[in-house]
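The values are calculated or read from the model by the stated rules, or taken from the named source; none is laboratory data. Just so we're clear, the structure is a prediction, and the values are computed from it rather than from any experiment. Here the Cβ positions follow ideal geometry from the backbone for every residue, glycine too, while neighbour counts run over all protein chains shown.
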Amino acid sequence: MSLTATAANSNSRWSLFRREALRGLAALVMALLVAFLVVLFTSKEPFEAMFQLLVAPLQKQRTIGLWIDDVAKLTVTGLAFSLVFQARQFSMGVQGQVYMGALAATYVAMSPLGTTWAAIPLCMVAATLAGAVYGFIPGYAKAKLGANEIVSSLMLNYIAIDIVNYLIRAQLSPPGKGLLMTDPFPKTAVFPALIANTRIDLGLIIAILCILGAWFALYRTSWGLKLRLVGHNPKFAEYSGIRSTFIMVSAMTVAGGLGGLLGSMFINGQAFGKLTVLFEGGLAFEGILIAIVARSRPLAVPVVALFYGYLRQGAALMGIRTDVPAEVIGVVQAVIILLVASSFTLPGKKLIARLTRPAGEPPVAGKAQETQP
């Protein structure tokens, strides 16, 4: 590749990044303005409420830990959905994979292996394998039986949640101590904290490794190239000799492995250290929003997760410290998703370009017409 082509490619990437960043920033500002209008009509102290929304997650070490912990988990679930979306599949099964992964990690942690030095890696491996198997099922069902992956994966979510909740109540919860959680795991089966007295633990490093692994798999391996070709043009991929069904099933299986690993991050992390009923609180499903806004790009997923996690924690703290219900964040999230995920452009862009164009310079359309034969 020539230096000119390399420079042009670099400029194109920078232009794309700048355009996406400006569009995302504009969408965020507009969404916060909408949030302020909502708060204005629902709070007696709207400025205090907005202050809590925007500043509260950074006020204490504990709240920063809550934010970073959310970011790590949102990143992994966003990556899981991104892999599936790259193949132009719409599996919604990450939530069920999280539960099955957590269940597998629980059995390891509560076994004699849970008291050994190998507890954490074995919990992670068991969770990843359980999630991968649970991700393989809807992929295989679509490839061999023609089942709709959206319906099958959603139903598998309900099955996984009910199985885990039943096993907690029937087998795993200690007698006489309620039916909502297991005994705490041994310390050897709990992720070590990276910063004392916070939820920032080994899960953050796992999330970073998942980002690098997903990026490498998608853009530096033949499997990733085939996956993106199948996503962009499945017919062309078939004509090229690529087995589309194998690629689709493998993408859903790998995504399932990430979902299962996320289950281990939940229950082996500092936040829990045990398995509880409905432990993930719907966070795993929010990876859909992360993947959509990030356009399924692995390196964009953590950036989106940083902002989304911050708003998520800010809204929760705003709901605790002020008279505004935390549900107001739903308005902010919806506006951000609608503006960033759609073909959003700044209003008045053409007018601004016309006003700032030097005198005597023809418009872009005119230039294009002059160059046509």
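Evaluating Phe185 against the criteria (1) assigned to a helix (DSSP H, G or I); (2) of a type outside the set (Lys, Arg); (3) surrounded by 20 or more Cβ atoms within 10 Å (Cβ to Cβ) leaves one unmet condition, (1).
Among Arg243, Arg228, which is the only one that is within 22 Å of the chain's Cα centre (by Cα), surrounded by fewer than 23 Cβ atoms within 10 Å (Cβ to Cβ) and among the charged types (D, E, K, R)? Full working, then the answer.
Numbers: Arg243 fails: within 22 Å of the chain's Cα centre (by Cα).
Only one candidate qualifies: Arg228.
Would you check if there is a residue in the stretch 275-283 being touching a Phe, Trp or Tyr at 6+ places or on another chain (Cβ under 8 Å) and more than 19 Å from Trp215 (Cα to Cα)? Yes, some residue in the stretch 275-283 is touching a Phe, Trp or Tyr at 6+ places or on another chain (Cβ under 8 Å) and more than 19 Å from Trp215 (Cα to Cα). Considering the conditions (1) assigned to a loop (DSSP other than H, G, I, E, B); (2) surrounded by fewer than 16 Cβ atoms within 10 Å (Cβ to Cβ); (3) at negative phi, Gly176 is excluded by exactly one of them, (3). Only a single criterion out of (1) of a type in the set (Val, Ile, Thr); (2) more than 19 Å from the chain's Cα centre (by Cα); (3) crowded, with 19+ Cβ neighbours inside 10 Å is not satisfied by Thr253, namely (2).
Kindly establish whether Val331 is touching a residue at least 24 places away in the same chain (Cβ under 8 Å) and over 17 Å from the mean Cα position of the chain (by Cα). So Val331 fits the description; yes.
Scanning the stretch 45-99 for residues that are of a type in the set (Phe, Trp, Tyr) and either buried (at least 18 other Cβ atoms within 10 Å of the Cβ) or assigned to a loop (DSSP other than H, G, I, E, B) (or both) yields Trp67, Phe81, Phe85, Phe90, Tyr99.
Criterion first (part of a helix (DSSP H, G or I) and in contact with a Phe, Trp or Tyr (Cβ under 8 Å, 6 or more places away or on another chain)) does Gly139 satisfy it? Spell out how you get there, then give the answer.
Values: part of a helix (DSSP H, G or I): yes; in contact with a Phe, Trp or Tyr (Cβ under 8 Å, 6 or more places away or on another chain): no.
No, not satisfied.
Note on the stretch 198-213: among residues that are among the β-branched types (Val, Ile, Thr) and assigned to a loop (DSSP other than H, G, I, E, B), the one that is surrounded by the most Cβ atoms within 10 Å (Cβ to Cβ) is Ile200.
The residues of the stretch 299-309 that are closer than 19 Å to Leu227 by Cβ and either buried (at least 24 other Cβ atoms within 10 Å of the Cβ) or of a type in the set (S, T, N, Q) (or both) amount to a single one, Val301.
Residues that are of a type in the set (Lys, Arg), over 19 Å from Lys144 (Cα atoms) and not in a helix (DSSP H, G or I): does the stretch 214-236 have at least one? Write out each step before concluding.
Taking the stretch 214-236 as the starting set, the residues that turn out to be of a type in the set (Lys, Arg) are 220, 226, 228, 235.
Pick out the ones that are also over 19 Å from Lys144 (Cα atoms) and you get 220, 226, 228.
Checking the rest, the ones that are also not in a helix (DSSP H, G or I) come to 220.
There is at least one residue in the stretch 214-236 that is of a type in the set (Lys, Arg), over 19 Å from Lys144 (Cα atoms) and not in a helix (DSSP H, G or I).
When the stretch 8-48 is filtered for residues that are under 19 Å from Met318 (Cβ atoms) and under 22 Å from the mean Cα position of the chain (by Cα), the ones remaining, listed by number, are Leu28, Val29, Ala31, Leu32.
Of the residues that sit in the stretch 161-215 and are in contact with a strand residue (DSSP E or B) (Cβ under 9 Å, 6 or more places away or on another chain) and charged (D, E, K, R), which one is nearest to Leu83 (Cα to Cα)? Among residues in the stretch 161-215 that are in contact with a strand residue (DSSP E or B) (Cβ under 9 Å, 6 or more places away or on another chain) and charged (D, E, K, R), the one nearest to Leu83 (Cα to Cα) is Asp201.
The test for being touching a Leu at 6+ places or on another chain (Cβ under 8 Å), at pLDDT 90 or above and surrounded by fewer than 19 Cβ atoms within 10 Å (Cβ to Cβ) does not hold for Leu258.
I'd like to check something: does the stretch 275-288 contain any residue that is surrounded by 17 or more Cβ atoms within 10 Å (Cβ to Cβ), out of contact with any His (no Cβ under 7 Å at 6 or more places or on another chain) and more than 26 Å from Val331 (Cα to Cα)? Within the stretch 275-288, one or more residues are surrounded by 17 or more Cβ atoms within 10 Å (Cβ to Cβ), out of contact with any His (no Cβ under 7 Å at 6 or more places or on another chain) and more than 26 Å from Val331 (Cα to Cα). Taking the criterion of being touching a residue at least 60 places away in the same chain (Cβ under 8 Å), surrounded by fewer than 24 Cβ atoms within 10 Å (Cβ to Cβ) and closer than 16 Å to Ile163 by Cα, the only residue of the stretch 105-134 that qualifies is Val133.
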